[in-house]
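First up is the structure itself, then whatever we jot down about it.
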Amino acid sequence: MQDNVIEVNHLSKKFGENTILKDINGTVKSGQVICVIGPSGAGKSTFLRCLNLLEKPTSGEVKFDGTDLTHVDGKQLLDLRERMGMVFQSFNLFPNMTVLRNLMLAPIRVKQMSEAEAKKTAIHLLARVGLQDKADAYPSSLSGGQQQRVAIARALAMNPEVMLFDEPTSALDPEMVGEVLEVMKELAKEGMTMVVVTHEMGFAKSVANQVWFMADGYILEKSTPDEMFENPQNDRAKDFIGKIIEAK
Amino acid sequence: MEKKVKAIIQVIIMFVTLLTVGAIASQASAADNSLQKVKQRGELIMVTSPDYPPYEFQVNKGGKSRIVGMDIDVAKKVAKDLGVKLVIKSMNFDSLLVAIQTGKADMAIGGINPTNERRQSVDFSDIYYSGGQSFLINAKDVNKFKSVKNLRGAKIGAQTGTLQYGLAKKRIPGATVKGMDKSTDLVLALKTNKIDALGIEKPSAEAYVKNDPTLKMIPSGYHLNKNDVGAAIAFKKGSNSLVNAVNKSIVQIKKQHLTDKYLASAGKYMKVNTVNTSMFHYWTYFAKGVEYTILISLVATFFGVLIGVILALMRFSKQKLFRGLAISYTEFIRGTPLMVQVMFVYFGIGVVINIPALISGMIAVSLNSGAYVAEIIRGGINSVEKGQTEAAESLGLTKGDMMRYVILPQAFKNIWPALGNEFISLIKESSIVSIIGVTDLIYQLNIVRADTYRGVMPIFVAMVLYFLMTFLLTRLLNYYEGKMKHAG
Ligand SMILES: Nc1ncnc2c1ncn2[C@@H]1O[C@H](COP(=O)(O)OP(=O)(O)O)[C@@H](O)[C@H]1O
Ligand SMILES: [Mg+2]
């Protein structure tokens, strides 16, 4: 594998007349954890979605493992996409199937894994996120924190090389945030390459290699967590971090 | 752009429709091999509407039903003289002439008067029977309407498009003429005082009077040329060879006064029918009707959903052509009545490939239902949260797998009640297939009404049966809806 797992060059994205992402550059190395912060509407979700091409960039390139994703489609895109897992703010579990089936669907349909093997992997992953007893439950019967842990396990079931997280804890009741961050920290420690949009400073400080600050479609500052939270250079970043510390 | 594609496709649909109609029209001018065709086939196919005793009606003997009557005996004689087997198809009276024009049958028989209007579209044999005209009135009015003269300014009923209708209009001064499709409906209108008198052929009037003491008949007093009015057999235009052959039999029928014999035997059959006019006696008719109604609804539901899913998926396709096709199809189907679609599939497409009535009915109702189901499913797909698509895509699922495993199951759960409504309305709306002779509940209802001379009771029975079907289906759907809710 290349050392630079993800490489973004001059990425821009327009929705109609509105330019949402403007000349974004950055690299994510194997095993790194990058946290992305910034005010609402900055373009963080759009950026993340451009990384696995849920959103098609208007210009620039997004290289994954050396291949420019902006120029592939069809089967090749699906192949590359399955190597990146994604976890959403609103969990997005499939409500029409059990937890176990949520985890087994993609391995069977995409990776052509056998039913038995997929089940084995799924049960193993559920144990890893502490939910082995919920295998036969439907998502609607789980708490938010449990649902998000299942969602993480579902993404992991595809054995991805990179995990993308879009505000995974911001839809959760405060008492459930911890259990989800715990699972994510474990992942980071095991060496998973991760790009995480989050405002959880504790998490960022303990596992992130870099924090990127976004506003108005630009990445305005990239620093280590300590620098970013203790001594941000950019004025907008200073202002924003002042506000989140105040809110705590 | 979408609009342009749509417009183009709609023009194409119109074009194809016109071509088909053109093909039907041009058939008429083909060379005459009508007699040869019948002889080669060894079968003479006739079409009739068996709800007009004593001309043609169904007889219910030992649980088995058979089409009998004077016209049937005439047709049997014709077939025997030609040396071929007689095949009887039944259909609504309105559809008889279309059926021979489109080649569904070689001839139509059913007390048809060869009016000038009809002569424009079909050929006729010589008149084989001229029963004369009369009026049915209520027995309580015998003193009021002693003769035709008293009918001036009265409300007179007649079958739409028949000789009786035209005569009443022209010859009874000041009369209001009310047209209906079925003689059974007209008799009911008379008995419930919606009309004062009913213009009808004498043999039919006699049959009614014999079977219903509340009815009386008076002579029409029309002076008509026996060679102009009466019943004749209809053929597709340009069937001279067949018409000539049939006319030879008719000459014999007239010479030997065979129709008197035929009428007598029809009278015997009618007695069999009216010995027991309780609805229980006719339960096999209703049971068969219910069976066909359920069969058609089930098949149409299955294929309707299949077509609906395909159309809905086409609406979400990246291809403009697919989207345009799906939109045009839906608009076209929703913009035309089901009755016209049923007739188009049977008679229109039937010119190219001969599809039996039952299958035609199923096809038409399925195609129709598909358009409505497509709209319901489209709504269902739109109602599934966007996050579901994103999650499926991020896992690398193909679009097809995403639809199959994630989106459609959720969509169906959301639209279950709407789909249920569609199935229930199918049971009711499929009744339109009776016009092409599919023996569904409505068709059987008309047969029972014609056979028993009881106007209202069969309607009531059919109503109860329809209600039972929809009621049970509603319960069943509710049960499954509850079960689905349970499953998360
Ligand atoms: N599909 C879309 N179409 C049009 N505008 C969009 C779309 N998705 C996001 N946007 C706009 O892009 C901007 C950035 O959105 P987003 O990336 O969700 O920001 P963030 O995640 O930082 O809050 C917002 O102004 C939003 O309205
Ligand atoms: Mg966001």
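The values are calculated or read from the model by the stated rules, or taken from the named source; none is laboratory data. The structure presented is a predicted model; accordingly, all values stated were derived computationally and were not measured. Methodologically, a virtual Cβ is constructed for each residue, glycine included, from the backbone with ideal geometry; neighbour enumeration extends over all protein chains shown. In case anyone asks, the SASA skips ligands and DNA or RNA and just uses the protein heavy atoms, side chains included. Shrake-Rupley method; radii C 1.70, N 1.55, O 1.52, S 1.80 Å.
Side notes on the structure shown:
- Residues being assigned to a loop (DSSP other than H, G, I, E, B), buried (at least 19 other Cβ atoms within 10 Å of the Cβ) and of a type in the set (Val, Ile, Thr) are entirely absent from the range B:234-248.
- Scanning the range B:119-147 for residues that are assigned to a helix (DSSP H, G or I) and open to solvent by less than 30 Å² (accessible area, probe 1.4 Å) turns up B:Ala139, B:Asp141.
- The number of residues in the range B:449-488 being modelled with pLDDT under 80 and buried (at least 18 other Cβ atoms within 10 Å of the Cβ) comes to 6.
- Residue within the range A:156-172 that is modelled with pLDDT of 95 or more, at the interface with chain B (Cβ under 10 Å from one of its Cβ atoms) and farther than 30 Å from A:Thr70 by Cα present: no
- Just one of the numbered conditions (1) free of Cβ contacts under 8 Å to residues at least 12 places away in the same chain; (2) within 14 Å of another protein chain (Cβ to nearest Cβ) is not true of B:Val406: (1).
- Qualifying residue in the range A:75-94 (condition: more than 16 Å from ligand 2 (Cβ to nearest atom) and more than 30 Å from A:Lys14 (Cβ to Cβ)): yes
- The set of residues from the range B:331-343 being under 24 Å from B:Lys104 (Cα atoms) and in contact (Cβ under 8 Å) with a residue 40 or more places away in the chain comprises B:Leu338, B:Met339, B:Val342, B:Met343.
- When each of A:Val36, A:Val99, A:Val110 is tested for being of a type in the set (Val, Ile, Thr), within 16 Å of ligand 1 (Cβ to nearest atom) and buried (at least 16 other Cβ atoms within 10 Å of the Cβ), the lone residue that passes is A:Val36.
- Per the conditions (1) under 14 Å from the mean Cα position of the chain (by Cα); (2) open to solvent by less than 30 Å² (accessible area, probe 1.4 Å); (3) free of Cβ contacts under 8 Å to residues at least 40 places away in the same chain, the sole criterion not satisfied by A:Phe165 is (3).
- Those residues of the range A:209-248 which are among the acidic types (Asp, Glu) and more than 22 Å from A:Gly41 (Cβ to Cβ), in sequence order: A:Asp226, A:Glu227, A:Glu230
- Only one of the listed residues (A:Val197, A:Val150) is within 16 Å of ligand 2 (Cβ to nearest atom) and either more than 14 Å from chain B (Cβ to nearest Cβ) or open to solvent by less than 10 Å² (accessible area, probe 1.4 Å) (or both). That residue is A:Val197.
- Qualifying residue in the range B:431-449 (condition: within 14 Å of another protein chain (Cβ to nearest Cβ) and on the phi < 0 side of the Ramachandran plot): no
- A:Thr198 falls short on exactly one of the conditions (1) within 16 Å of ligand 1 (Cβ to nearest atom); (2) over 19 Å from A:Leu48 (Cα atoms), and that condition is (2).
- Identity of the residue in the range A:135-147, outside any helix (DSSP H, G or I) and open to solvent by 20 Å² or more (accessible area, probe 1.4 Å), that ends up farthest from the other protein chains (Cβ to nearest Cβ): A:Ser143
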